[in-house]
Amino acid sequence: DVNTQDIYEEILDCRLLLSQQVDQKVSRPEELLKFIVEYGDDSVFPNLRIAIQIMLTIAVSIASCERSFSKLKLILSYLRATMGQDRLSDLALLSVEKKTEKTNFDVIIEQFASSKGRK
């Protein structure tokens, strides 16, 4: 449970700290999270850090669901409206697999390997 007064004070403190940082420009949530992580350990702005992480995660989750529904809408066209659930599920899986086949995993592995290690 998060006390609203605590997170409000953390937001004010973080805003004050950011205003004192001349070279630091933060315009997106991921930049703010990066600033908080680089500024200190887990005890610095703990509630704000968790709130930003949740906000960033929700955006990805929603986008993933929206893509799935868009793909199903393309598959389940007027002519295929009577297909069974199993066939629809299989076609959706094939459609998604086709897109992941084009993914260059070497680049992803390199980015992961070069990223800063965290506990």
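The values are calculated or read from the model by the stated rules, or taken from the named source; none is laboratory data. These numbers were taken from a predicted model, which means no experiment stands behind them. Cβ coordinates were reconstructed from backbone atoms using ideal geometry, including for glycine residues, and neighbour counts include every protein chain displayed.
When 7, 11, 52, 58 are screened for being closer than 24 Å to residue 115 by Cα, touching a helix residue (DSSP H, G or I) at 6+ places or on another chain (Cβ under 8 Å) and assigned to a helix (DSSP H, G or I), only 52 passes.
Per-residue answers, yes or no, for (1) touching a Phe, Trp or Tyr at 6+ places or on another chain (Cβ under 7 Å); (2) surrounded by 10 or more Cβ atoms within 10 Å (Cβ to Cβ); (3) at pLDDT 75 or above:
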position	(1), (2), (3)
71	no, yes, no
74	no, yes, no
82	no, no, no
85	no, no, yes
90	no, yes, yes
93	no, yes, no
96	no, yes, no
112	no, no, yes
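Report whether or not residue 119 is surrounded by 10 or more Cβ atoms within 10 Å (Cβ to Cβ) and either assigned to a helix (DSSP H, G or I) or modelled with pLDDT under 75 (or both). Against the criterion (surrounded by 10 or more Cβ atoms within 10 Å (Cβ to Cβ) and either assigned to a helix (DSSP H, G or I) or modelled with pLDDT under 75 (or both)), residue 119 does not qualify.
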